[in-house]
Amino acid sequence: MQENNNWNTDLLWSTLLSMISAIVLLSITVIVYFGFRNDIDKFFNRPKYDKLELAKRTTERASIQIDEWDRVEKGIHVKTGMVYDKNFKFIKANCLSCHSSKMITQNRATRQGWHQMIRWMQKTQGLHDLGDSEVNILDYLSTHYAPKDTGRRPNLDIDAIEWYVLDLN
Ligand code: HEC
């Protein structure tokens with residue numbers, strides 16, 4: 001009698017445990033499904049393209065990126081943040097391969113100053129000979145990135161200063 005009783009409780013427990021596991025599993029499934037429903041639906045309903053269509057879309061996307069590269073807003077070339085004019089193409093072709101356009105836009109100089117920076121880069125940083133483009137590049141830089149009157153004290157003109165030795169005795 002005692003044996004039989006034990007057997008019954010065991011069965012009851014295992015049934016109960018199975019039911020609880022089933023409920024837990026079901027809830028997890030439901031939660032996961034509702035949580036990721038959008039992704040799951042998207043995956044099963046994803047558009048299917050044949051090779052030709054795929055190639056067309058890739059080309060389209062590439063041309064959008066090229067358009068993006070050349071986008072100009074209010075006279076500013078958006079991708080580089082530089083002023084856009086007819087000479088910009090010379091900058092694009094010669095000045096943006098080694099460093100970002102920031103290196104240029106954060107600087108201001110006279111035509112002579114820009115000329116010196118170009119020579120410095122050619123001597124020490126491996127900048128190539130700019131050939132005929134140099135004139136256009138200097139036109140561009142000295143027009144758009146000339147020294148600005150910012151109210152800041154101008155740099156000291158080292159050559160114009162009359163130096164003297166401080167007499168400490
Ligand atoms: C061959 C690579 C190369 C090319 C091309 C190049 N530069 Fe540079 N440039 C450099 C390097 C390297 C530096 C130093 C970077 C640093 O200090 O971190 C530099 C620095 C500069 C600076 C900062 C100078 C300073 O005194 O702080 C300016 C401005 C500049 N470049 C403008 C230009 C312009 C304008 C052109 C196009 C005519 C150009 N660069 C093309 C390599 C190049």
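The values are calculated or read from the model by the stated rules, or taken from the named source; none is laboratory data. Just so you know, these numbers come straight off a predicted model, no measurement behind them. Here the Cβ is made from the backbone with ideal geometry for all residues, glycine too, and neighbour counts use every protein chain on show.
Numbers at a glance
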quantity	calculated
Per-region count, region 132-169, residues closer than 30 Å to ASP85 by Cβ and part of a loop (DSSP other than H, G, I, E, B)	11
Residue among LYS92, LYS102 that is within 11 Å of the ligand (Cβ to nearest atom), without any contact (Cβ under 8 Å) to a residue 40 or more places away in the chain, basic (Lys, Arg) and touching a strand residue (DSSP E or B) at 6+ places or on another chain (Cβ under 9 Å)	LYS92
Filtered residues of region 1-56 (kept if of a type in the set (Ser, Thr, Tyr) and at pLDDT 90 or above)	SER14, THR15, SER18, SER21, SER27, THR29, TYR33
Subset tally (residues that are near the ligand (Cβ under 6 Å from one of its atoms) and not in a helix (DSSP H, G or I)) for region 110-129	3
Number of the condition not met by ILE91 [criteria: (1) surrounded by 11 or more Cβ atoms within 10 Å (Cβ to Cβ); (2) modelled with pLDDT under 95]	(2)
Count of region 130-143 residues which are in contact with a strand residue (DSSP E or B) (Cβ under 9 Å, 6 or more places away or on another chain) and either away from the ligand (no atom under 11 Å from the Cβ) or closer than 15 Å to HIS99 by Cβ (or both)	1
One residue from SER18, SER27, SER14, SER63 being under 26 Å from the mean Cα position of the chain (by Cα) and either farther than 30 Å from HIS144 by Cα or of a type in the set (Ser, Thr, Tyr) (or both)	SER63
Search result, residues across region 29-79 that are out of contact with any Phe, Trp or Tyr (no Cβ under 8 Å at 6 or more places or on another chain) and at positive phi	LYS74
Hey, LYS79 more than 22 Å from LYS148 (Cα to Cα), away from the ligand (no atom under 16 Å from the Cβ) and among the charged types (D, E, K, R) or not	yes
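For every residue, the table says whether it meets (1) under 30 Å from GLN106 (Cβ atoms); (2) in contact (Cβ under 8 Å) with a residue 24 or more places away in the chain; (3) loosely packed, with under 10 Cβ neighbours inside 10 Å.
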position	(1), (2), (3)
LEU17	no, no, no
ASP50	no, no, yes
ASP70	yes, no, no
ASP85	yes, yes, no
